[in-house]
Amino acid sequence: MYISKKAISRRTVLRGMGAAVALPLLDSMVPALSTVLKAAPAVQRFGVVYVPNGMIMPNYLPRTEGTAFELTPTLAPLAKYRDQVMVLSGLNCTPTPGRPGGPHAKATTRFLTDVSPPTSETWLDAGISMDQILANEMGKHTQLASLELAVESSETAGACDTGFACVYTTTISWKSKNTPLPGQHNPRVVFERLFGDSGNTDAKTRLTRLRQQRSVLDSVTQEIARLQGGLPATDRTKLTEYLEAIRSVERRIELAEARGEFEVPLVAHPEGIPANWEAHVNLMFDLQVLAYQCDLTRVITFMLGREHSGMTYPQIGVPDAHHPISHHQGEPEKIAKVAKINEYHMQMFAKYLEKLQAARDGDGTLLDSMTLMYGAGIADSNSHSPMNIPMILAGGGAGHLKGGRHINLKAMPLANLHLTLLDQFGVRVDKIGDSTGRVDANILSL
């Protein structure tokens with residue numbers, strides 16, 4: 001190729017913007033955040049926590065609707081935050097007609113896109129996910145448009161649905177119908193995306209690095225401008241896309257420079273991925289709180305596990321791989337083990353709510369300004385049912401959500417909820433996937 005003779009290193013251009021590294025935010029640092037961060041008006045923020053392989057629904061779903069709903073064994077860890085969580089039942093994640101098979105691939109892909117993937121290991125075709133619809137708008141105000149996080153690596157996915165690309169089971173975020181956004185599982189990499197590779201969060205160091213990045217981008221842009229004239233149309237199109245990526249980086253630099261005096265705790269890079277699963281999850285939640293509190297992004301998705309996950313949980317007495325025992329076939333012992341995993345995941349989510357509640361945000365807390373979706377793309381883990389999927393909304397939604405209730409939406413497409421949540425962020429979309437309308441916003445905020 002002609003361009004190869006005038007090599008422009010993407011690594012050189014993008015490295016400084018933090019595509020790599022991070023450290024644990026210790027509990028003792030949380031009060032420090034409250035003192036060093038200046039009070040600012042609360043803004044709306046959106047987050048998703050996805051759990052894999054479905055649930056033991058009798059242990060999860062309340063039998064009573066309204067404010068008197070019971071805290072089932074799976075929901076019990078949320079007792080302290082009962083008034084700030086809303087259990088939604090009756091939401092269906094119906095497969096797209098003409099696209100059979102792949103229950104796990106569909107579970108993750110449809111969770112935010114409302115479009116089923118096709119049977120193909122090479123052809124990617126989903127739909128832009130609602131988190132990315134939000135990010136396109138909310139990212140105009142932050143250094144990062146969004147963060148896509150995970151606990152398990154997408155590079156070692158292992159088992160996937162037969163006939164489906166593995167990426168369908170390892171991400172819930174899609175930039176476009178054929179552009180998946182894999183979740184980053186290394187906390188060092190997440191930290192560096194947030195604060196760069198300067199070794200810590202010191203403001204002066206970060207500003208120096210940003211100015212160096214701007215210098216690199218200026219030289220790259222000049223080189224591209226020189227090359228454009230003699231290129232064929234196909235290469236000019238590719239180069240235009242590359243320039244758009246550079247402009248996005250430039251925008252992030254400008255936003256970061258404008259926030260140069262914004263103080264954060266002096267924190268160094270973490271060592272890497274903790275060996276302990278619970279420590280890993282807590283660290284990833286800590287980084288999400290820090291990202292929100294510093295207003296570096298307002299949109300984050302987090303997968304506690306990928307579909308087909310073979311994660312084991314010996315720390316709670318479940319040494320069996322998660323996915324195989326989720327096919328319990330009615331065996332009481334397996335059902336009990338999967339129910340334990342479901343409750344354990346909920347315990348971790350409750351700890352996340354605790355961290356958000358402890359973080360001040362304007363006149364309230366981060367939890368007050370959050371709209372958090374917690375759920376799975378399939379209901380019963382054994383049957384892979386996409387009907388009546390588990391779904392919880394947590395947080396105050398900056399005044400748009402009122403918790404403490406179980407609401408039955410009576411066989412409504414999940415896409416209807418997505419449209420309503422987008423409306424609450426001021427982002428109007430006429431239709432997503434199989435949407436048939438919207439959830440009455442009054443139901444969510446009564």
Exercise for review: For region 56-118 and region 380-426, write down the distance between their C-alpha centroids in whole Å.
Suggested key: 8 Å
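For region 318-397, with only Lys/Arg (+1) and Asp/Glu (-1) charged at the beta-carbon, what is the dipole magnitude about the Cα centre, in debye rounded to 20? Numbers along the way, then the final one.
Values: 6 positive and 9 negative charges, 24 e Å.
Dipole size: approximately 120 debye.
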Review point. Where does the charge balance sit around S154 when Lys and Arg score +1, Asp and Glu -1, over other residues with C-beta under 12 Å from its C-beta?
Key: -3
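By the scheme Lys and Arg +1, Asp and Glu -1, what is the net charge of all other residues having a beta-carbon under 11 Å from that of K106?
Numbers: positive: R99, R110; negative: D114, D161, E307.
After counting each charged neighbour, the total is -1.
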Exercise for review: Find out how many positive minus negative residues lie around M346, taking Lys and Arg as positive, Asp and Glu as negative, among other residues whose Cβ is under 14 Å from that of M346.
Suggested key: +1
**Study point:** Near-label residues of region 324-345 by backbone N, under 20 Å of a point 7 Å along Cα→Cβ of A76
**Key:** 332-345
Practice item. Name the long-range amide H neighbours of M55: under 5 Å, sequence gap of 5 or more, or other chain; modelled H, no Pro or chain starts. Key: D380, S381
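Which peptide among 141-154, 108-121 comes first, and what is the full order, when sorted by highest mean count of other Cβ atoms within 10 Å?
Details: 141-154: 21.4, 108-121: 24.5.
Packing proxy ranking, top to bottom: 108-121, 141-154.
A short reminder: the numbers here are calculations on the coordinates, not readings from a lab. Quick caveat, the model's predicted, so the values are computed rather than measured. With ideal geometry, Cβ positions are generated from the backbone for all residues, glycine too; neighbour counts draw on all protein chains shown.
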